[in-house]
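One structure is given below, encoded as structure tokens.
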Amino acid sequence: MLAVSMTGISKRYGTVQALDSVSINIEKGTIHAVVGENGAGKTTLMRALYGAMIPDQGTIELTGKLTAFKSSADAIAAKIGMVSQHYGIIGELSNLENLILGSESHVINPASLKQKAQQLADKMGFQFEWEQESQLLSPASAQKLEILKLLWKEAQIMILDEPTAMLGPEDANALFASLTRLASEGATIILVTHRLPEVFEYCSKVTILRAGVKVGEHNVSEVTAEQLAQEIVGGDVIERVPPTSSNQEAFPPLVKLIGISAKGSKGQLAVKKVDLSLRQGKIIGIAGVDGSGQRELFRVLIGIQNPESG
């Protein structure tokens, strides 16, 4: 049974054809991936389903019934929810206030709301301090709260746009365990992602967009990672050439950090005894999920924050 059928969806912004007659069918109770490079039209297509963008052409059907959304409020009323790459959580509000925001009744009973919230969290295996300000949440906990917000509004079609972009492997695995459970209970999950391992491990079907055009749709069990990569980029994937050695190591470091420790905005030790050498002619990459100390390290490096030590 199809939960969603989008047919001939087109959208133009000025001279840019963001979507060109894209069609996609999504089965109920499955996790369906939508992949493509940046600018391929993935988020634009999902915004059309969520009512946040009205397409120039095309139709949307939910469980076989023709539907037209004029706003996200219409989509929410139709049991569709979306979590974008940038969370909609207001840090100064409590976790409970963020959970119910936008779906409050005229009479608010904090005790009964907290009880309902806890029951929902227990069902998903999540833990929250409901009176705590949401700005204290980790990226993984903020993602969980966003999902609870969809469930609070009884969403049956859930759009997740790059949900693991700021999560480490352990948190990402826990998130997909929750999503798999929801799909098994009848929810329909649409996953927008760049991470092909997520597609192959958790999704049943995958749709590929390139430059606003749908270029492929497959059962995940019937396609290889190489095929997907070729459809995403529009040709053979070029292997990276290992960098050649140079004499740049002969130059002394322009900047050298030794044993740097620094505090974060909440007073916690965000950077712990980091060593870093910056040499002439080099591009240095610093990788880590959000909240791993990159921001504090940069603040120390450019002199707007004093280190605690080092």
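The values are calculated or read from the model by the stated rules, or taken from the named source; none is laboratory data. Just so it is clear, the model here is predicted, and its values are computed rather than measured. Methodologically, a virtual Cβ is constructed for each residue, glycine included, from the backbone with ideal geometry; neighbour enumeration extends over all protein chains shown.
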| remark: All-but-one check, L49 against (1) surrounded by 16 or more Cβ atoms within 10 Å (Cβ to Cβ); (2) more than 22 Å from E162 (Cα to Cα), failing number (2)
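Please work out if A48 is touching a Pro at 6+ places or on another chain (Cβ under 7 Å) and of a type outside the set (D, E, K, R). Show your work before the answer.
Numbers: touching a Pro at 6+ places or on another chain (Cβ under 7 Å): yes; of a type outside the set (D, E, K, R): yes.
Yes.
Select, from K144, K214, the only residue that is of a type in the set (D, E, K, R), within 23 Å of A33 (Cβ to Cβ) and at pLDDT below 90.
Working: K214 fails: at pLDDT below 90.
Unique residue meeting the criteria: K144.
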| request: Output the qualifying pairs, or none if there are none: Cβ atoms under 6 angstrom, residues six or more apart or on different chains, first residue in the range 211-223 and on the phi > 0 side of the Ramachandran plot, second residue among the small types (G, A, S) and part of a strand (DSSP E or B). | output: G212/A18
| message | Looking only at the range 274-295, filter to residues that are over 18 Å from G264 (Cβ atoms) and among the β-branched types (V, I, T); which one of those is surrounded by the fewest Cβ atoms within 10 Å (Cβ to Cβ)? | response | I283
| query | Is it fair to say G58 is at pLDDT below 95 and small (G, A, S)? | reply | no
| message | With the requirement that a residue be charged (D, E, K, R) and either in contact with a helix residue (DSSP H, G or I) (Cβ under 8 Å, 6 or more places away or on another chain) or closer than 24 Å to Q143 by Cβ (or both), what does the range 266-310 give you? | response | K266, R279, K282, D290, R295, E296
| List the pairs whose first member sits in the range 252-269 and is surrounded by 11 or more Cβ atoms within 10 Å (Cβ to Cβ), whose second member is β-branched (V, I, T) and at pLDDT 90 or above, and whose Cβ atoms are under 7 Å apart, counting only residues at least 6 apart or on separate chains? | L257/V274; I260/V271; I260/V274; I260/V300; S261/V271; A262/V271; A262/V300
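Restricting the range 114-166 to residues that are among the acidic types (D, E) and under 18 Å from the mean Cα position of the chain (by Cα), which is surrounded by the fewest Cβ atoms within 10 Å (Cβ to Cβ)? Lay out the reasoning, then the answer.
So in the range 114-166, the residues among the acidic types (D, E) come out as 122, 129, 131, 133, 146, 154, 161-162.
Now drop any that are not under 18 Å from the mean Cα position of the chain (by Cα), which leaves 146, 161-162.
Working: E146: 20, D161: 20, E162: 17.
For the range 114-166, the residue satisfying everything is E162.
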| query | Can you name every residue in the range 50-84 that is out of contact with any helix residue (DSSP H, G or I) (no Cβ under 7 Å at 6 or more places or on another chain) and under 26 Å from T15 (Cα atoms)? | reply | I54, D56, Q57, G58, T59, A68, K70, S71, S72, S84
